[in-house]
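Peer 1: The structure's right below; bear with me while I get my questions together.
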Amino acid sequence: MNFPAELKYTKSHEWIAFDGDTACIGITDYAQEELGDLVFANLPQAGDEVFAGEAFADVESVKAVSDIYSPVTGTVLEINEELLDHPELINEAPYDAWFVKVEGVSAQEDLLDADEYAAFVEEEKAKE
Amino acid sequence: MKLIFEESRPGRKLGLLPECDVEKYEIKAPKRALKLHLPEMSETGISRHYTQLAKQTRGVNDGFYPLGSCTMKYNPKINEDMASLPGFTGLHPLQPADTAKGALSLMLGLKESLCEITGMDDMTLQPAAGAHGEFTGLLLIKAYHTDRKDLARTKIIVPDSAHGTNPASAHMAGFEIVNIKSNEEGCIDLDTLRSVCGPDTAGLMLTNPNTVGIFDPNIKEITDIVHAAGGLCYYDGANLNAITGIARPGDMGFDVIHLNLHKTFSTPHGGGGPGAGPVGCKSFLKKFLPWPVVERQDSEAFLSMPEKSIGTVRSFFGNFLVMVKAYTYILSLGKEGIPEASTNAVLNANYMRVKLKDKYKMAFDHTCMHEFVMTLEHEKHSLGITAMDIAKGLIDFGIHPPTMYFPLIVHEALMIEPTETESKETLDDCIDAFLKLYETALENGEKLHGAPYTSPIGRPDEVLAARSLKLKYEFEA
């Protein structure tokens, strides 16, 4: 499974890439595989505030609707509108299919690096 | 088969009407912007069309339908007999209440029976189905807090095993949802519950037995914790079939409850037919009930307006003929029959659970109530066989698939609720089918991936259907 080294990860299976005080957020390869084929993505609007550890978006598969949690507190600068019409992009290329860009990042969750996250995913799989 | 619009031919109709012998009159009304597009069919054609459609459907009259959390029990035909009595079908909702005393008496009798079964003090019969009942019940909770000027109570606690309608209804009623994790037994974790209860708690929504078919052993402590924090307790009646006539939500500490007459009380369920979701409450909430409420004065039924009613939640009295069916069921079974039905529902579920548990892993391996949940998580990883494959395979045995992928706390879940209306032979046939499917999974997984082979439609592409949903026929311009 693919977990790019340049990204940071959460235990709720989001990835985050920082660029100064702006952050780009999406969901991991493991998350998209567990969720299965996505049929709908519900995103916030530019200007909305997001809070570290709280849901900011949700995705729907044929099985269930799942919340996506923000790893950081900040303001939504931009959303990936392409996902609204093409949620399958999240399954096809989870690290290109970013959900939102957040600016003014003021707080963040405990983040994992790629190795730590890979180990965490292994633990999750072992529980199954 | 063809759609009715494809079968339609211009000018085709039932030709038995005589020629019009009065002068034609043009109504001066704005012209339609679009053609009306009514299908034009002969009576023969239309009769065949709908018979074909009916043959493609599947209901509890066709065979076993063990859909978990849905209580797809058999609906006795006497219910239909009673609901088609002309005294009931000929009523008009606007006729004066004085001229419909019989109907009011029936509603009163139903209300009083349901209050006795659930341990509630009063009830509205108005809500049209379960989720509508949830919404109504939450409005009662909101009205209670608002009336006491306790406006900080904005949160409803919902366990992660809840029916999806619980958080949805709470959200619609303007509450914030606090989701709490279940413990290893699939029940409420008391410490977690204590940690989220506080001055902002409006209430807790709970199903008991819960969605994994387990009666929460700490139920009284749970409702005590919520009450101590100043919140109210809401009982989702979806799983009441396990305990009717045996245990009462009112005695467990619940303040508000909805029932699904179309589950527990044998009125038709599914296919979009009308349901009914009466909402019961303890006496301190009576004054907020939707109006009108049917009340008793000596031996007479009359309509009354609760003092601080939240208003009406549906036109007139709700789905009256559904109430006739539910009351027929209650009177047919009586005080002895109702607990016996629940006992058999629990017995049937446990019989199937024990017969299946050597092959299928139970999500929670202990005695269940009316339903149980199996997990195909291991088979998914070792054999590539999913809950979906087994569910689809059952169709080829003439059995409706159980509930799949619910509750969300169990991966690759299959949730089976046989109900009390099935014989041992039917249960044995289903157990055989499950065991044969497991053999097939081990020997020939590929075959299972293609099931069902005998139904009018095999495996629809669910992803495509969800991503590009077509809901209406596109006419040629």
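Peer 1: Tell me yes or no: at least one residue of segment B:387-397 is over 26 Å from B:GLY186 (Cβ atoms), at pLDDT 95 or above and in a loop (DSSP other than H, G, I, E, B).
Peer 2: Looking for residues that are over 26 Å from B:GLY186 (Cβ atoms), at pLDDT 95 or above and in a loop (DSSP other than H, G, I, E, B), one finds at least one in segment B:387-397, hence yes.
Peer 1: Being exposed (fewer than 11 other Cβ atoms within 10 Å of the Cβ) and facing chain A (nearest Cβ under 10 Å) is the filter here; which residues of segment B:462-475 pass it? Talk me through it step by step, then tell me what you get.
Peer 2: From segment B:462-475, those exposed (fewer than 11 other Cβ atoms within 10 Å of the Cβ) are B:468-472, B:474-475; that's our starting set.
Scanning segment B:462-475 gives B:SER468, B:LEU469.
Peer 1: Let me ask another. Looking at segment B:446-475, I want the residues that are free of Cβ contacts under 8 Å to residues at least 12 places away in the same chain and have a partner that is β-branched (Val, Ile, Thr) with Cβ atoms under 7 Å, at least 6 apart or on another chain. Which pairs are those?
Peer 2: Short answer, once both residue conditions are applied: B:LYS447/B:THR440; B:GLU462/A:VAL62; B:VAL463/A:VAL39; B:VAL463/A:VAL62; B:ALA466/A:VAL39; B:ALA466/A:VAL62; B:ARG467/A:VAL39.
Peer 1: Hey, among the residues in segment A:19-37 that are of a type outside the set (Asp, Glu), more than 15 Å from A:TYR95 (Cβ to Cβ) and touching a residue at least 12 places away in the same chain (Cβ under 8 Å), which one's nearest to the other protein chains (Cβ to nearest Cβ)?
Peer 2: In the first step, residues of segment A:19-37 are kept if they are of a type outside the set (Asp, Glu); the result is A:20, A:22-28, A:30-32, A:35-36.
Now narrow it down to the ones that are more than 15 Å from A:TYR95 (Cβ to Cβ): A:20, A:22, A:35-36.
Right, trim to touching a residue at least 12 places away in the same chain (Cβ under 8 Å) and you get A:22, A:35-36.
Working: A:THR22: 29, A:LEU35: 12, A:GLY36: 8 Å.
Going through the qualifying residues, I end up with A:GLY36.
Peer 1: Tell me, yes or no, whether segment B:158-174 has at least one residue that is crowded, with 18+ Cβ neighbours inside 10 Å, within 14 Å of chain A (Cβ to nearest Cβ), of a type in the set (Val, Ile, Thr) and within 17 Å of the chain's Cα centre (by Cα).
Peer 2: Looking for residues that are crowded, with 18+ Cβ neighbours inside 10 Å, within 14 Å of chain A (Cβ to nearest Cβ), of a type in the set (Val, Ile, Thr) and within 17 Å of the chain's Cα centre (by Cα), one finds at least one in segment B:158-174, hence yes.
Peer 1: So which residues in segment B:430-461 are surrounded by 12 or more Cβ atoms within 10 Å (Cβ to Cβ), over 26 Å from the mean Cα position of the chain (by Cα) and of a type in the set (D, E, K, R), if there are any at all?
Peer 2: Within segment B:430-461, B:ASP432, B:LYS436, B:LYS447 qualify.
This table checks each residue for (1) of a type in the set (Ser, Thr, Tyr); (2) loosely packed, with under 10 Cβ neighbours inside 10 Å; (3) in a loop (DSSP other than H, G, I, E, B).
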{"site": "B:ASP21", "(1), (2), (3)": "no, yes, yes"}
{"site": "B:TYR25", "(1), (2), (3)": "yes, yes, yes"}
{"site": "B:LEU34", "(1), (2), (3)": "no, yes, yes"}
{"site": "B:GLU40", "(1), (2), (3)": "no, no, yes"}
{"site": "B:THR44", "(1), (2), (3)": "yes, yes, no"}
{"site": "B:ARG48", "(1), (2), (3)": "no, no, no"}
{"site": "B:VAL60", "(1), (2), (3)": "no, no, yes"}
{"site": "B:PHE64", "(1), (2), (3)": "no, no, yes"}
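Peer 1: Which ones in segment B:440-455 are assigned to a loop (DSSP other than H, G, I, E, B) and not hydrophobic (A, V, I, L, M, F, W, C)? It would help to see each step written out before you state the result.
Peer 2: First, the residues of segment B:440-455 that are assigned to a loop (DSSP other than H, G, I, E, B): B:444, B:451-455.
Residues satisfying the conditions are B:ASN444, B:PRO452, B:TYR453, B:THR454, B:SER455.
Peer 1: So, A:GLU34, is that one modelled with pLDDT under 90 and either of a type in the set (Asp, Glu) or closer than 29 Å to B:PHE406 by Cβ (or both) or not? Working first, answer last.
Peer 2: Details: modelled with pLDDT under 90: yes; either of a type in the set (Asp, Glu) or closer than 29 Å to B:PHE406 by Cβ (or both): yes.
The answer is yes for A:GLU34.
Peer 1: Is there any pair linking a residue in segment B:408-436 that is assigned to a loop (DSSP other than H, G, I, E, B) to one that is basic (Lys, Arg), with Cβ under 6 Å and at least six apart or on different chains, and which?
Peer 2: Hits for this filter: B:GLU412/B:LYS380; B:THR419/B:LYS73; B:THR421/B:LYS73.
Peer 1: Further, regarding this structure: Tell me which of these A:LYS63 doesn't satisfy, since it passes every other one: (1) within 12 Å of chain B (Cβ to nearest Cβ); (2) not in a loop (DSSP other than H, G, I, E, B).
Peer 2: Exception for A:LYS63: condition (2).
Peer 1: Something else now. Out of the residues in segment A:117-128 that are loosely packed, with under 15 Cβ neighbours inside 10 Å and not in a loop (DSSP other than H, G, I, E, B), which is modelled with the lowest pLDDT?
Peer 2: The initial filter retains those residues of segment A:117-128 that are loosely packed, with under 15 Cβ neighbours inside 10 Å, namely A:119, A:122-128.
With the extra rule that they be not in a loop (DSSP other than H, G, I, E, B), the set shrinks to A:119, A:122-127.
Details: A:ALA119: 95, A:GLU122: 93, A:GLU123: 91, A:GLU124: 86, A:LYS125: 82, A:ALA126: 80, A:LYS127: 72.
Top of the filtered list is A:LYS127.
Peer 1: Look through B:LYS111, B:LYS31 and report the one residue that is of a type in the set (D, E, K, R) and without any contact (Cβ under 8 Å) to a residue 40 or more places away in the chain.
Peer 2: Of the residues listed, the single one that is of a type in the set (D, E, K, R) and without any contact (Cβ under 8 Å) to a residue 40 or more places away in the chain is B:LYS31.
The values are calculated or read from the model by the stated rules, or taken from the named source; none is laboratory data. Since the structure is predicted, the reported quantities are computational estimates derived from the model, not experimental observations. Quick reminder, even Gly has a Cβ in these numbers, built from the backbone with ideal geometry, and neighbours come from all protein chains shown.
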